[in-house]
1. Do you know which of the residues in the range 90-104 that are open to solvent by 70 Å² or more (accessible area, probe 1.4 Å) and either touching a residue at least 12 places away in the same chain (Cβ under 8 Å) or more than 13 Å from Ile48 (Cβ to Cβ) (or both) is nearest to the chain's Cα centre (by Cα)?
2. Please enumerate the residues belonging to the range 121-157 that are among the hydroxyl-bearing types (Ser, Thr, Tyr) and surrounded by 15 or more Cβ atoms within 10 Å (Cβ to Cβ).
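The values are calculated or read from the model by the stated rules, or taken from the named source; none is laboratory data. This one's a predicted model, so the numbers in the text were calculated from it and none came from an experiment. Note: ideal-geometry Cβ built from the backbone for every residue, glycine included; neighbour counts use all protein chains shown. These area figures cover heavy atoms from the full protein model, side chains too; ligands, DNA and RNA do not enter into them. Shrake-Rupley method; radii C 1.70, N 1.55, O 1.52, S 1.80 Å.
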Amino acid sequence: PCRMSQMPFQFRSGLKDYVKEKYGQEMRAKVRDFERQRIKLAKVELDIGFLLTCKREQLIPKFTRPRLSAHVHPRIQRKISRTLLLSEIRRKYNQKHRLIRIIISQSHHLRKHVSDLLHTIINHTLTKTIRGKKKKWLQKHGKKLENLRKQQHAVNCNFNRSNIYDKIIHNFSAHQLTDEEKHALSFSLDQHIPSPLNHYEIETAFETFYKD
């Protein structure tokens, strides 16, 4: 069998214009809609891959971040975000299955009303178009994932630091301390966050303090 690029099949203008010329405007519109649905399906499949990566790596996409009070505990915020993420994954899967049914129906209709050669060329042309679009979408998703990983790393560091503060600082007032206030309080003599220390420097500093 010969390659599509070697087929003796020439169009005076574009593919859809050829379809219009040979089969009429209605068939051209059906080919255009078939193209749109195929592109939508490819995009949805990549979106699902992106969302599943977020789920696996516990990343929080921007659309899943609820606008809540700053006093809401981070764990509650993460639980809400995860619920929204899972809901979006289910919605995307439903959209994918619906598009597959539409595309199968459209493909059968085109096969009945155009030649086998033209039907093959339409699919081949769409595959090349979608391949180019997928490359751009993957690059965009890759950048998003990279940014989300950086943001998640910063959130995890802040969350771990806040947990340390809560273990060593006991707030008996009605005022809710911010992380900055907890950080400042942690440096008092009896409330110090354990960290890698140079014991020689500490002993020297205390000796110097008592001598003075």
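1. For the range 90-104, the residue satisfying everything is Tyr93.
2. At the first step, the residues of the range 121-157 found to be among the hydroxyl-bearing types (Ser, Thr, Tyr) are 125, 127, 129.
The answer is Thr125, and nothing else.
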